[in-house]
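A quick write-up on the structure given underneath.
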Amino acid sequence: MLKEAPKPAIGPGDVLIRVRAAGICGTDVHIYDWDRWSQNRIRPPLIIGHEFVGEIVEIGQNVRHVKPGQRVSAEGHIGCGHCEFCRTGQAHICNDVRIIGVDRDGCFAEYISIEAGNLWPVPDVIPDHLAAVFDPLGNAMHTVMAEPVAGKSILITGAGTIGLFAVAIAHYAGAATIMVIEPNAFKRGLASEVGADVLLDPGTEGLEQEVLDRTDGLGPQVLLEMSGNPNAINQGFRLLRNGGCACLLGIPPDKVTLDLAKDIIFKGVTIRAINGRRMFDTWYQSQNFLFAEQQRVERLVTHRLPFEQYERGFELLKNGTAVKVVLELTASEG
Ligand code: NAD
Ligand code: ZN
């Protein structure tokens, strides 16, 4: 629901940003649909949205490193700043993390206030509609960079928004073969455009044999699980070769049953669990990737809509005909 809200106040260490563009994330769709997860997690009233780029309009009295007028995106996970995780470069797993658009007001508004330490100044060469997607691009980057992929066979389960970004990043990072399992034909087509070599529909008979045939009968060396679907998770582990590494990003809706002994322990599999983005290693990597591969990211921002057409954006995502939808706000005075 679109409503008038007061301009947010800023503290001494915060900045006020006028939002220029904001991406719609799967999380926003969950909240929009008010599903079980949202009902348990979200405390309304809340301004949702966490992927954005904007222009600084005001800075708190203690803020030194940025100025009004600067274009910025921001890390939306706000660590407490003083726990052991935050103090050892692992703020992405801070126990007291607060997420914009989930735990506190987000970016689907004209203005957002945020801690200056979370800002990511955006270079002029990166246009608004791409700067707005640093957050999901960073999820993909964090997952692909968790395990070396150069020269290896990679299986990506789930070529949704983040899985498709991961295809492009794995290609950029020198993966030898990128195999993708994804039920949506439109998304499989895009996966091929941004660098996938083998496209598979999970409903197809003989799929697992095909993956084995493409990997000398051994299975892929790295699994990037980006669907959160329990069948895909099990299929991924079943296919992963002995000594392989599974990087898990997808979040299943419930507890998942795995054949731990057969598919993981006896195979000597390594599991890397991925949460958010590393602060700020992932951001530097994502920015360098954007400099090098802007066209591929451009291909995956399938829709740019005026902010007022947000309902259409949500519908496009729900019916699987969009990958990344970016809402654009026309600058208004005040
Ligand atoms: P998405 O919905 O765009 O992508 C999921 C894709 O999985 C869809 O394209 C869907 O068709 C596909 N899929 C469904 N069943 C499948 C199956 N059996 N085999 C293969 N693919 C299948 O979501 P997204 O925004 O790209 O996010 C991907 C996942 O990552 C979600 O589970 C999301 O909740 C999670 N996520 C995790 C983090 C994190 O920090 N760990 C951050 C953001 C999102
Ligand atoms: Zn912390």
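The values are calculated or read from the model by the stated rules, or taken from the named source; none is laboratory data. These numbers come from a predicted model, not from an experiment. Heads up, the Cβs are rebuilt from the backbone with ideal geometry, glycines too, and the neighbour counts pull from every protein chain shown.
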Of the residues GLY244, GLY206, which is of a type in the set (Gly, Ala, Ser) and farther than 18 Å from MET145 by Cα?
GLY206
Residues of segment 73-129 being without any contact (Cβ under 8 Å) to a residue 24 or more places away in the chain and of a type in the set (Phe, Trp, Tyr), which ones?
PHE85
For THR88, which of the numbered conditions (1) among the hydroxyl-bearing types (Ser, Thr, Tyr); (2) closer than 21 Å to LEU317 by Cα; (3) surrounded by fewer than 19 Cβ atoms within 10 Å (Cβ to Cβ) fails to hold?
(2)
Is it the case, given these coordinates, that ASP135 is surrounded by 15 or more Cβ atoms within 10 Å (Cβ to Cβ), within 15 Å of the chain's Cα centre (by Cα), within 18 Å of VAL15 (Cβ to Cβ) and touching a residue at least 60 places away in the same chain (Cβ under 8 Å)?
yes
Kindly establish whether LEU305 is in a loop (DSSP other than H, G, I, E, B), modelled with pLDDT of 95 or more and surrounded by 13 or more Cβ atoms within 10 Å (Cβ to Cβ).
no
Output the number of the condition that PHE291 fails; it satisfies all remaining conditions of (1) buried (at least 16 other Cβ atoms within 10 Å of the Cβ); (2) in a helix (DSSP H, G or I).
(1)
I need the full set of residues from segment 270-291 which are over 18 Å from MET226 (Cα atoms) and among the hydrophobic types (A, V, I, L, M, F, W, C), in order please.
MET279, PHE280, TRP283, PHE289, LEU290, PHE291
If a residue has to be buried (at least 19 other Cβ atoms within 10 Å of the Cβ) and in contact with a Pro (Cβ under 8 Å, 6 or more places away or on another chain) to count, how many in segment 13-58 make the cut?
5
Return yes or no: is PRO183 over 24 Å from VAL301 (Cα atoms) and modelled with pLDDT of 95 or more?
no
